[in-house]
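**Student:** Sharing a structure here in structure tokens format.
Computed from the coordinates by the stated procedures, all read-outs in this text should not be read as laboratory data. Not measured: the values here are computed from a predicted model. Note: ideal-geometry Cβ built from the backbone for every residue, glycine included; neighbour counts use all protein chains shown.
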Amino acid sequence: MTRKEALDSVRENVENENSVKHMLATEAIMRALAERLGEDEDEWGLTGLLHDIDMELTEGDMSSHSKLGADLVREMGASEAVAHAILAHNEAHGVPLEMKLDKALFCADPMTGLITAAALVRPDKKLASVEAKSVRKRFKEKSFAAGANREQIATCSELGIELDEFLKLGLKAMQGIAGELGL
Ligand SMILES: [Fe+2]
């Protein structure tokens, strides 16, 4: 599956532009993580790009979210590793995070919300004016972007990456696609 095929399929299944942007941001963070860890950037990027493809199809039903997604990406020709990471990223299924790819998606997913919120409180609402130290500060403010699960983000340690480094990596990755994100 090419990246274009994956993105076309995301756009066919997800109408909400913010959801598509969330998947693009997750893709960027996943690619950066793969580069940092010497893993397959294309495979990790695809995992991020496709991970919530069933978001609207499952209409908020967490018992089917990511199960359907895993089936869809398998049908599209994604590897079993990609399908497994997508299935496991929804804790509701109780599927253990076994591979590095599973862990990477799990910790990258909530980070997009934290960094997007950090940009939106800047006067210019731009990612370019967000500094790593302010992301770190916001991380510690529990009420800020409360939906961005801090514990989940902090599981980057299971990949051998310290939180500070991970926050910096995520910010830089999202800044790299700021235009696409409209931030
Ligand atoms: Fe997500």
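**Student:** Mean residue ellipticity at 222 nm from the helices of the chain, using -39,500 (n - 2.57) per DSSP H segment of n ≥ 4 over the full residue count, to the nearest 500 deg cm²/dmol?
**Tutor:** Taken over the chain, the calculation gives -17500 deg cm²/dmol.
**Student:** Calculate the all-directions average of the projected area of the chain's alpha-carbon convex hull, and give it in nm².
**Tutor:** It is 9.5 nm².
**Student:** Can you tell me how much longer the chain between Glu162 and Arg150 gets when fully stretched, taken as 0.36 nm per residue apart minus their C-alpha distance, in nm with one decimal?
**Tutor:** Taking Glu162 through Arg150 to full extension adds about 3.0 nm, to one decimal.
**Student:** Using 7 Å Cα-to-Cβ label points, what is the Ser143/Glu131 separation (nm, one decimal)?
**Tutor:** 2.4
**Student:** Considering the options Ala32, Ala92, Leu167, tell which one lies farthest towards the positive end of the dipole of the chain, charges being +1 on Lys and Arg and -1 on Asp and Glu at the Cβ, about the Cα centre.
**Tutor:** Going by the charge dipole, the pick is Leu167.
**Student:** Related question: Take the Cα atoms of segment 86-183, find their three principal axes, and give me the spread along each one in whole Å, biggest first.
**Tutor:** 41, 27, 24
**Student:** Shifting gears a bit: In whole percent, what relative contact order does the chain give with Cα contacts below 8 Å and a gap of six or more residues?
**Tutor:** 22
**Student:** What is the calculated FRET efficiency for Lys172 to His93, with r their C-beta to C-beta distance and R₀ = 25 Å, to the nearest 0.05?
**Tutor:** That gives a FRET efficiency of 0.20.
**Student:** Let me ask you something else. Could you list, in their original order, any pairs among Lys4/Lys133; Lys67/Lys142; Lys103/Lys126; Lys137/Lys172 whose Cα atoms are separated by more than 24 Å?
**Tutor:** Lys4/Lys133; Lys67/Lys142; Lys103/Lys126
**Student:** Output the 0 to 90 degree angle, nearest 10, between the alpha-carbon long axis of helix 163-175 and the longest principal axis computed from the alpha carbons of the chain.
**Tutor:** 80
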